[in-house]
Amino acid sequence: MDWKNLPSGGGGIEDRRGGGGVPGGGIAIGGIGGLIIALVAMFFGIDPGAILGGGDGGQTQTQTQSQAQAQAQSQSSAATDESYQFMDRIMTSTNQVWGGIFKQAGRTYTPARLVLYTRGTQGGCGVASSASGPFYCPLDNKVYIDTNFFATMQRQLGGGGDFAYSYVVAHEVGHHVQNELGIADQVEREQRSARSEAQANQASVRLELQADCFAGVWGNRVKDQAKITQADVQNAINTAQAIGDDNLQRQGAGRVVPDSFTHGSSQQRIKWFTTGFQTGDPNKCDTFNQNYNQL
Ligand SMILES: [Zn+2]
């Protein structure tokens with residue numbers, strides 16, 4: 001993949017790396033694989049800010065002097081930093097692709113923004129920590145990524161590769177697209193009226209698989225520009241395989257409980273990413289109007 005061929009400057013990136021973390025941080029608000037507990041909490045009508053001790057955009061007030069200084073220092077070198085540039089191009093490109101798709105459909109699209117951090121940071125959905133894994137906060141329209149996560153991916157989650165990392169970012173932007181389309185709200189309502197936890201989980205799986213499909217749609221739209229090869233696609237598939245709920249459960253508790261799936265199985269995640277990638281058509285990503293057992 002040649003990501004340097006992608007456009008830059010529109011990533012809306014807030015660079016909070018080297019910010020020293022959040023005192024007493026370490027509250028996970030998501031899980032590996034992009035679980036958004038904050039969003040889930042919102043689905044159940046709980047205010048995530050209250051649980052997670054986060055404010056709503058109060059991050060500048062709670063920031064200590066030393067954090068602010070460290071941030072200023074890291075920002076001064078940001079423009080030449082490879083991982084910053086990578087993130088900026090992936091974000092610029094995803095926003096551009098979705099902006100185009102929305103425009104064609106006669107809708108307006110507000111670009112997603114990205115917060116890069118290390119250790120921990122305050123956000124609209126509370127405290128983000130390294131244990132969170134990448135996530136999207138629908139309350140401030142920002143994707144949060146600890147850049148060290150990519151090293152974790154390489155070691156533990158099916159290997160790395162630029163397109164695999166891009167898939168993770170594009171999946172989170174996929175959640176932003178769902179937010180823009182009102183799908184996230186719809187799922188929230190569905191989950192509130194769910195008769196069981198298993199039913200609420202099914203709505204989450206549909207939402208997550210659609211975000212995988214949306215990530216694939218982006219990949220399709222930039223495959224020539226970014227020179228995405230078969231090996232790149234395989235890297236993304238390896239990641240989808242690794243972050244499937246069945247695989248994570250097998251490696252964690254050692255027991256697979258489909259009713260507790262929130263993101264979908266490895267096979268489903270591969271299927272929906274591939275559907276998006278092969279068609280480039282967001283209309284093919286309708287995971288909601290399908291029999292659950294056939295997803
Ligand atoms: Zn997700």
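The rows are residues; the columns are (1) more than 16 Å from the ligand (Cβ to nearest atom); (2) part of a helix (DSSP H, G or I); (3) at positive phi.
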position	(1), (2), (3)
TYR109	yes, no, no
LEU114	no, no, no
ALA128	no, no, no
LEU139	no, no, no
ARG155	yes, yes, no
HIS175	no, yes, no
GLN178	no, yes, no
VAL187	no, yes, no
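Count, please, the residues in the range 189-208 that happen to be buried (at least 16 other Cβ atoms within 10 Å of the Cβ) and not in a loop (DSSP other than H, G, I, E, B).
Number satisfying all stated conditions: 11.
Which numbered condition trips up GLN96, out of (1) under 16 Å from PHE214 (Cα atoms); (2) not in a helix (DSSP H, G or I)?
(2)
LEU248 fails exactly one of the following numbered conditions: (1) assigned to a helix (DSSP H, G or I); (2) at pLDDT below 95; (3) farther than 28 Å from MET91 by Cα. What is the number of that condition?
Condition not satisfied by LEU248: (3).
Here is a check on your reading of the model: is ALA211 more than 16 Å from GLY276 (Cα to Cα), in contact with a Phe, Trp or Tyr (Cβ under 9 Å, 6 or more places away or on another chain), surrounded by 22 or more Cβ atoms within 10 Å (Cβ to Cβ) and in contact (Cβ under 8 Å) with a residue 12 or more places away in the chain?
no
Using the structure shown, decide if ALA215 is at pLDDT 95 or above and within 16 Å of the ligand (Cβ to nearest atom).
Spelling it out, ALA215 is indeed at pLDDT 95 or above and within 16 Å of the ligand (Cβ to nearest atom).
Considering only the range 80-131, state which residues are among the hydroxyl-bearing types (Ser, Thr, Tyr), surrounded by 18 or more Cβ atoms within 10 Å (Cβ to Cβ) and modelled with pLDDT of 95 or more.
Across the range 80-131, the qualifying residues are THR92, SER93, THR94, TYR109.
The values are calculated or read from the model by the stated rules, or taken from the named source; none is laboratory data. From a predicted model like this one, the values you see are computed outputs, not experimental measurements. Glycine gets a Cβ as well: all are built from the backbone with ideal geometry, and neighbour counts include every protein chain shown.
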